């Protein structure tokens with residue numbers, strides 16, 4: 001039996017599929033609003049909101065709440081720390097997938 | 001993890017969004033048009049003659065008019081950006097939410113590569129094509145063509161990294177047409193005009209093609 005030896009050094013905060021999707025989307029832009037994240041990550045409002053709060057607490061994203069006309073608008077962007085963490089995670093994740101494929 | 005998340009495509013699709021509707025190309029085609037007209041005005045014999053006549057007629061007004069071109073250029077460029085943002089928000093991305101693209105869309109590696117290619121073309125071109133040290137037009141043509149080739153490299157590289165096929169064609173054709181400027185007999189003003197027109201037309205065609213596709217998709221999703 002192949003031992004895939006799950007890489008323990010992977011950042012647990014990013015490793016969750018929902019948070020990983022959010023980080024991946026935010027890595028491709030300066031900033032995105034809640035609706036955009038909801039559409040692209042296909043997470044429901046409640047789950048998305050929970051993940052955004054967790055990422056904000058860890059210092060990986062910055063959330064801005066504002067008003068567009070009379071409607072409230074929430075947008076998020078990666079912090080420099082978050083961008084570095086995602087880059088590191090991505091590299092480790094791809095190495096892990098490669099080892100699984102080769103195994 | 002239960003499923004594999006394609007990180008690269010999530011990031012790439014977000015980055016691609018800025019270019020998918022072609023509005024960015026249309027804005028850049030406007031920038032190239034303005035650049036070519038301004039460049040021709042300052043570099044062609046006709047432009048310089050016009051400038052001299054205007055200076056003789058009224059020095060102050062001519063200077064003010066020339067200085068006014070700078071904010072006008074900025075206004076047109078940023079004005080177009082604001083129009084694009086509004087059109088996307090109200091029509092194209094109405095249901096998609098809002099996303100703010102990176103301020104600098106070109107990867108630093110691509111910028112360095114384009115700058116290196118520009119320098120290489122200038123050095124090789126000046127030695128190979130500009131044999132006569134008195135032929136300033138030939139030297140300037142090399143500089144202009146090198147700029148066009150570097151622009152082509154940037155678009156081609158963006159096509160590769162963002163998987164946008166039309167940018168591969170824009171980069172390739174625009175780069176080749178720009179390279180052909182070296183062997184033309186055009187003077188500096190006309191070669192600058194040709195450079196601007198090549199890129200204006202390339203980006204205009206690319207933008208219209210992409211925008212048409214986006215509008216057709218939008219219409220299909222509505223109906």
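Data for the structure
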{"read-out": "Principal-axis tilt of helix B:188-222 within chain B, Cα atoms, nearest 10 degrees", "value": "20"}
{"read-out": "Shielding by other protein chains, B:10-22, mean Cβ within 10 Å", "value": "4"}
{"read-out": "FRET efficiency, 1/(1 + (r/R0)^6) with R0 25 Å, evaluated for residue B:105 and residue B:69 via beta carbons", "value": "0.45"}
{"read-out": "Shape of segment B:1-126, Cα gyration tensor, a/c cut at 1.5", "value": "oblate"}
{"read-out": "Three-way shape call for chain B based on the alpha-carbon gyration tensor, with the a/c threshold at 1.5", "value": "oblate"}
{"read-out": "Test item: A:33-40 mean partner chain Cβ contacts at 10 Å", "value": "5"}
{"read-out": "Mean residue ellipticity (222 nm) of the protein assembly as shown, computed from DSSP H runs ≥ 4 via -39,500 (n - 2.57), nearest 500", "value": "-24500 deg cm²/dmol"}
{"read-out": "Principal-axis tilt of helix A:80-102 within chain A, Cα atoms, nearest 10 degrees", "value": "40"}
{"read-out": "Hull shadow area, averaged, segment A:12-102 [alpha-carbon convex hull, nm²]", "value": "6.2"}
{"read-out": "Shape category assigned to segment A:22-69 from the gyration tensor of Cα positions, a/c cut at 1.5", "value": "rounded"}
{"read-out": "Relative contact order (percent, whole number), chain B, Cα cutoff 8 Å, 6+ residue spacing", "value": "34"}
{"read-out": "Per-residue average of Cβ from other chains inside 10 Å of B:99-109", "value": "3"}
{"read-out": "Highest average packing first - A:49-59, B:200-210, Cβ atoms within 10 Å", "value": "B:200-210, A:49-59"}
{"read-out": "Helix B:45-57 axis, angle to chain B major axis (alpha carbon atoms, nearest 10°)", "value": "70"}
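Every number here is computed from the coordinates shown, using simple stated rules; none is lab data. Note that the structure is predicted; figures quoted are calculated from it, not measured. Neighbour counts are summed over all protein chains in view; Cβ atoms, including those assigned to glycine, are modelled from backbone coordinates with ideal geometry.
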